[in-house]
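Encoded as structure tokens, the structure appears first; notes follow it.
Bear in mind these aren't lab numbers, they're just calculated from the coordinates by the rules spelled out. Being a predicted model, the structure only gives us computed values, none of them experimental. Ideal geometry is used to build each Cβ from the backbone, glycine not excepted, and the neighbour counts take in all protein chains shown.
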Amino acid sequence: MGEHGLKDLVVTTLCGCDYYNEEEIRGIVKVLDEIDHLPSYQKKKIKADNYVRTGHYGKAVMAYRKLLQGPDAISFTPEEYGDILHNEGIAHFYTSSFLEAGENFREAYIRNNKRESLQHYLWILLMEEKDKTFEEESLSFGLKPSEIEQIRLKYQEVLAGFYVPEETESMMDDYKEQLRRAFAY
């Protein structure tokens, strides 16, 4: 970047716009310093995580896939690898790729052993109405009947809070019918 680095450019811009106070600018500089010293594979993960955070789920899926299928994959611990799979599952979920999301969450749990990944996987099974698979997988992962019931109850609680207005449901039915007609021979 020539004589001045990115940090100098950011500080100059932030000071010049009078939007951030001095303490906030120092906080941003601290984050820049922390990121600057990370290995490139960690920077790529942060970039992919930011795609999820900002709602760019398609870009996130591609960035995570590139991380996990590229030469950087060997740099991650099993837990980190699992966390990346979990985040890729989140991105898949928001792109309505539920099968892929479920696969990501399952594999994430196997690698990172985090309850959140297992819970997301089991919720996907419930969402897809795969009750038998839900039961089998819950038991295969060593969950007790009370834990299985707790996951079901939490899922039902979340589902009960989800509301689709009647007009939206009607619009969806019309859309589905249009798709059927469009693809009919």
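Enumerate the calculated ³J(HN,Hα) couplings along the range 58-71 in order (Karplus 6.51 cos²θ - 1.76 cosθ + 1.60, θ = phi - 60°), each rounded to whole Hz, writing x wherever the residue is Gly or Pro.
x, 5, 5, 4, 5, 5, 5, 4, 4, 5, 7, 9, x, x
Given the options Val52, Val158, Val61, state which has the largest fluctuation in a GNM of the chain using a 10 Å cut-off (strictly under) for Cα springs.
Of Val52, Val158, Val61, the Gaussian network model singles out Val158 as fluctuating most.
List, in order, the whole-Hz ³J(HN,Hα) value for each residue of the range 75-87 obtained from phi through the Karplus relation with A = 6.51, B = -1.76, C = 1.60 and θ = phi - 60°; use x for Gly and Pro.
7, 8, 6, x, 5, 4, 4, x, 5, 5, 4, 4, 5
Can you give me the distance in nm between label points at Met62 and Cys17, each placed 7 Å from the Cα along the Cα-to-Cβ direction?
So the label points at Met62 and Cys17 sit 2.6 nm apart.
Using Cα springs under 10 Å in a Gaussian network model of the chain, which residue among Asp131, Asp36, Asp72 shows the largest mean-square fluctuation?
With Cα springs under 10 Å in the chain, the top fluctuation among Asp131, Asp36, Asp72 is at Asp36.
Go through the range 19-31 residue by residue and turn each phi into a ³J(HN,Hα) via Karplus (6.51, -1.76, 1.60, θ = phi - 60°); whole Hz please, and just put x for glycine and proline.
Per residue, the Karplus-derived 3J(HN,Hα) values read 8, 9, 8, 4, 5, 5, 5, 4, x, 5, 4, 4, 4 Hz.
Which of Gly16, Tyr94, Leu38 sits farthest toward the positive end of the charge dipole of the chain, with +1 on the Cβ of Lys and Arg and -1 on the Cβ of Asp and Glu?
Result: Leu38.
So what's the net charge close to Thr13: Lys and Arg +1, Asp and Glu -1, counting the other residues with Cβ under 14 Å from its Cβ? Working shown, then result.
Details: positive: Lys7; negative: Asp8, Asp18, Glu24.
Around Thr13, the surrounding residues sum to -2.
Radius of gyration and Dmax for the chain's Cα atoms, expressed in Å?
According to the Cα coordinates of the chain, Rg and Dmax are 21.9, 66 Å.
Quick one: if you take sqrt(5λ) for each eigenvalue of the C-alpha gyration tensor of the range 42-145, what semi-axes come out, biggest first, whole angstrom? Present the calculation step by step, with values, prior to reporting the outcome.
Working: eigenvalues 121, 50, 18 Å².
Gyration-tensor ellipsoid for the range 42-145: 25, 16, 9 Å.
Using Cβ counts within 10 Å as a stand-in for footprinting exposure, how do His120, His92, His56 rank, fewest first? Don't skip to the end; give the middle numbers.
Values: His120 21, His92 24, His56 16.
Neighbour counts put them in this order, fewest first: His56, His120, His92.
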